[in-house]
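Accompanying notes for the structure given below.
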Amino acid sequence: MIDWDFTGLSGEEIEAYMRAVKDGDDLRGHFGERSLDFIVRNYVRLAQMGELEKSWLTTYVLTSHFQDVGFDRLKAIFDACDRSRLQAHHDCVPVAEGISTERISLFRGCAGPVHTPGMSWTTSLDKAIYYAKWHASILVERGLFADMAVYATTVDLGEAYCRVNRNEDEFIVVPDNLWRIDIPEAEFRLDRPRY
């Protein structure tokens, strides 16, 4: 069995985390943004206990940047999840609900000097364009380069880890193929309808 990694935690914090895990609580609800680091370091142990899915999905959905985690680690955490437990999470809807085909088209808005594959994809091109601009505006405020882009993919519904309907219809998936869409510069704006 894998040991816990309590790096950087005080004895009191360790007790609080272990109590929450033992009680089957959602770690994000107890520890806010600090849950991300704990889960990333302990996801294998949490998966072995059947306690990964509820805390991971809430933490994932409420975190906006994963640059310190990296794509490969994000995918490894989702791969460690039991999909049936993940899809039973209160933020999820059945993957195929309201969809009449086995394959769907999805979009993802990106900004920054490097675009890495992501796992959150939307069915709305309009939302993807909005998110590209939103991420770019944050980067520009920090004085960073913000190359905006929108990517498209098509996936089989069975490829999705889950489908979240918290603020929008979002599919968590790692597509095999994706391509950049040519979007006119004038379309990248924050006053686009989001929902």
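Tabulated results
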| item | result |
| --- | --- |
| Pick from the stretch 96-120, criterion hydrophobic (A, V, I, L, M, F, W, C), free of Cβ contacts under 8 Å to residues at least 60 places away in the same chain and more than 14 Å from I181 (Cα to Cα), ranking: most open to solvent (accessible area, probe 1.4 Å) | V114 |
| Subset of the stretch 132-158 [part of a strand (DSSP E or B) and open to solvent by less than 30 Å² (accessible area, probe 1.4 Å)] | A149, V150, A152, T153, V155 |
| Residues of the stretch 47-59 classified as surrounded by fewer than 24 Cβ atoms within 10 Å (Cβ to Cβ) and either out of contact with any Cys (no Cβ under 9 Å at 6 or more places or on another chain) or closer than 14 Å to E33 by Cβ (or both), total | 6 |
| Test result for A186, in a strand (DSSP E or B) and either surrounded by 14 or more Cβ atoms within 10 Å (Cβ to Cβ) or among the hydrophobic types (A, V, I, L, M, F, W, C) (or both) | no |
| Selected residue (only one of T58, T101 is within 24 Å of V155 (Cα to Cα) and part of a helix (DSSP H, G or I)) | T58 |
| Selection within the stretch 159-183 - open to solvent by 30 Å² or more (accessible area, probe 1.4 Å) and among the acidic types (D, E) | E159, D169, E170, D176, D182 |
| Number of the condition not met by V95 [criteria: (1) in a loop (DSSP other than H, G, I, E, B); (2) farther than 20 Å from V155 by Cβ] | (2) |
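The values are calculated or read from the model by the stated rules, or taken from the named source; none is laboratory data. The structure displayed is predicted, hence computed values, not measured ones. We place every Cβ from the backbone using ideal geometry, glycine too, and count neighbours over all the protein chains shown. All accessible areas refer to the heavy atoms of the entire protein, side chains included, with ligands and DNA or RNA removed. Shrake-Rupley method; radii C 1.70, N 1.55, O 1.52, S 1.80 Å.
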